[in-house]
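Worksheet: the structure to be examined is printed underneath.
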Amino acid sequence: MSTETTSPARARLRDTYEEQIRPRLQEEFGYRSPMEHPRLEKITLSMGVGEAKTNSKALDEAVEQLGIIAGQRPAITRARKSIAQFKLREGMAIGCKVTLRGNRMWEFLDRLTSVALPRIRDFRGINPDGFDGRGNYNLGLREQTIFPEIDYDRVDQVRGLNVTITTTARTDEEGRALLRHLGMPFRAEGYSAEELAARRRRKQRKFGRGRGRGRR
């Protein structure tokens, strides 16, 4: 009896990285060793479900939808401490998240850049300033329905999700170059002054003005 197992097919984008993108990065940054080439490490998807405090079904729906998007069962995230003003108790379920590695990570990024993001209404590219200073990128999506795997007619509520792309890049410049070559549609510039003001207003409506310190 043969003990040979069939290995899963490699993701298309992973082959593109190995064959085309690594040589481009080498040319751009002049790395001395192939081990210096920046690469993807993991992609973490998270979805907050504030209404889970009073509606457990909302959390079940979020877990199901994030699982469909990721192709992997999410884990429940829980509050680390109690906050009385938000009626939040330590250990209370507040959302879900899933971490993708290997082929699932590459396949998700491929779907995100080539299918999901172009489905955003009036899409003009994503903000190139969402890096954390260490080559990792954070992207907030307002609607889970941009992923075609989600049946819009079965969506109980439109929810946003956060996508964190962790790379081995040493700088934001290298991380940005890596993701750009992988197809991430960055806009030419960051947010305009009008967009920044609109984002501040949305945060104030969401979290309230009272949390600011020293404001008059």
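The values are calculated or read from the model by the stated rules, or taken from the named source; none is laboratory data. These numbers were taken from a predicted model, which means no experiment stands behind them. Glycine also receives a Cβ, built like all others from the backbone with ideal geometry; neighbour counts cover every protein chain displayed. Protein only, heavy atoms only, side chains kept; ligands, DNA and RNA dropped before computing areas. Shrake-Rupley method; radii C 1.70, N 1.55, O 1.52, S 1.80 Å.
Placing a label point 7 Å from the Cα of residue 120 along the Cα-to-Cβ direction, the residues of region 134-150 whose backbone N falls under 19 Å from that point are 136-150. Applied to region 97-106, the Karplus parametrisation 6.51 cos²θ - 1.76 cosθ + 1.60 on θ = phi - 60° returns per-residue 3J(HN,Hα) values of 8, 8, 10, 10, 9, x, 4, 4, 4, 5 Hz, with x for Gly and Pro. Near the amide H of residue 41, within less than 5 Å, lie the amide hydrogens of 166, 167, 168, all on another chain or at least 5 residues away, with H placed in the peptide plane. Fully extending the segment from residue 72 to residue 28, taken as 0.36 nm per residue of separation minus the present Cα-Cα distance, adds 12.3 nm. Under the Kirkwood approximation applied to all pairs of distinct alpha-carbon atoms, what is the hydrodynamic radius of region 117-170 in Å? For region 117-170, the Kirkwood estimate is 12.9 Å.
Note on residue 101 and residue 56: with the Förster distance fixed at 30 Å, the Cβ-Cβ geometry gives a FRET efficiency of about 0.50. For residue 95, the residues whose amide H sits under 5 Å from its own are 49, 77, ignoring neighbours fewer than 5 places away on the same chain, with H placed 1.01 Å from N. When 155, 49 are compared by accessible area at a 1.4 angstrom probe, the order from most to least is 155, 49.
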